[in-house]
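Take a look at the structure below.
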């Protein structure tokens, strides 16, 4: 039974002298928070907002505390009540020390052991370890795994913090840059240029081998500062750097090092021998359903993690998906990613025409559902060989995207459940689209993925059904580029125009720490809980899913009220794209071309 929260009243025994007052953020949903003041007295914890008490409870009701070891967040677990997820970037350690001291000196709080239950987890976001009201109503009490539990008194916690600080200092003293050496700064001269992997409007990607380390290959993305400024790409490039440094996931291509010179920016990343998914699509046309499903499942996890970090991707397309030597799909190129709150929208008109969601084309702004639309287009293209609304005329393609019903080729051999997955993602009204309610958890729970073990996939313990040629990996890349001589040529610069951006360019310096690799190795283990929650989510929505399934079985796949879905013979929609000109049409210059004309108001209203 949920205990009512004590409001500001005579019942609130908060007249004790405050021992500590700290400004904090109190989270209500995954990325939504309000500024509060946290006040500790000898026997109570009080949360104030706008000089009004929003919650107070006795310290004796605290069951445990969960601390993030990689972010300023912590969770106060309250007995038989909802938890409080709090972030305190300035004085978190002081708050926790004081809490532990008070709890250890209150036998009722420390359960007569004189120690406090502390969970230490390597998670940036502690939402998954927070008991909410709906959890209590369902009889669930959320806590981290027992392996993360530590019993500590005040002195043990202080000693633990000292050891952690010493470890960080030692790592900083002993950690090496990518190229070891006394006070060595990495430059492009530390690499042998092997071949050109790709070239775009704003830069190129070179395959490089670390000098003195045979076989240690990296993909280095090189951008010209002058072009970044003149094409208004500085903000996008800075966003890409922030995502690469701050968001880690097995299915996001990792950054190993970054540096810049007077004229250029360099990103040193892992080399993916499987090459671009685009090149494989160019070769095979379309994939078997199990192969497509596996790749899409990898991308669902990648997009879900980006979304959980607060970013929308906005540029999902085959050119931005790389395959490793085993066949796992990984996202790259985060230049169009944007930090957006759940209840906000991004208004910039950007993306690649084939994959743009209707709300972007209609200038209504977008959020996370736009990425699920793009995933639906990609899924359709992997299964059937061409995007559903493709046209050589970009303006015509925009109209088809907003107006035409979704159609499937007849006798394709693709299961109806896969078609239903595509149809769920390609609902023109974003609020009714699959993934619009519970984001990746909702997409993961679609019946098409019933045979996917998400925990094993995250741990990369599943065998990909499609494996690229890893021995003769040069065949996985565009011969137009790999046959060119790789060069890091000098570029002309306008020093006066670049000097005023000197502060912004400082962000492009990064060296991977030893802890980054350990974090990625432990990622699947520390995040397994969210996929257990995905199963719980499925159970909670069992009746809804069952009802939807019954409705689907009653109607023909070719008829849907909101978005008609038709199975037809070969038509214009299933005509393969002209891949010979695809590289240019997907170049970044085309992402910021002149906006298409806004359609009639009646059409705009029909998309609400």
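The values are calculated or read from the model by the stated rules, or taken from the named source; none is laboratory data. Nothing here was measured: the structure is a model prediction, and the numbers come from that model. Using ideal geometry, Cβ is built from the backbone for each residue, glycine included, and neighbour counts are taken over all protein chains shown.
Observations
- Residue within region 319-331 that is in contact (Cβ under 8 Å) with a residue 60 or more places away in the chain, surrounded by 23 or more Cβ atoms within 10 Å (Cβ to Cβ), part of a loop (DSSP other than H, G, I, E, B) and in the same structural domain as residue 430 (by TED's automatic domain parsing) present: no
- Meets criteria (in a helix (DSSP H, G or I) and either under 24 Å from residue 311 (Cβ atoms) or in contact with a strand residue (DSSP E or B) (Cβ under 9 Å, 6 or more places away or on another chain) (or both)) for residue 417: no
- Residue match in region 274-295 (condition: more than 26 Å from residue 329 (Cβ to Cβ) and either outside the structural domain of residue 418 (by TED's automatic domain parsing) or buried (at least 21 other Cβ atoms within 10 Å of the Cβ) (or both)): no
- Within region 165-191, if we keep just the residues that are exposed (fewer than 13 other Cβ atoms within 10 Å of the Cβ) and modelled with pLDDT of 80 or more, the residue that is nearest to residue 236 (Cα to Cα) turns out to be 187.
- Residue list for region 16-42, restricted to those being surrounded by fewer than 14 Cβ atoms within 10 Å (Cβ to Cβ) and in contact (Cβ under 8 Å) with a residue 40 or more places away in the chain: 19, 23, 29, 32, 42
- Yes/no for residue 472 being surrounded by fewer than 14 Cβ atoms within 10 Å (Cβ to Cβ), at pLDDT below 95 and over 23 Å from the mean Cα position of the chain (by Cα): yes
- Checked against (1) modelled with pLDDT of 90 or more; (2) closer than 26 Å to residue 460 by Cα, residue 216 passes all but condition (1).
- Any hit, region 337-354, residues being modelled with pLDDT of 90 or more, part of a helix (DSSP H, G or I), assigned by TED's automatic domain parsing to the domain that holds residue 420 and within 29 Å of residue 414 (Cα to Cα): yes
- Condition met for residue 46 (in a strand (DSSP E or B), in contact with a strand residue (DSSP E or B) (Cβ under 7 Å, 6 or more places away or on another chain) and surrounded by fewer than 20 Cβ atoms within 10 Å (Cβ to Cβ)): no
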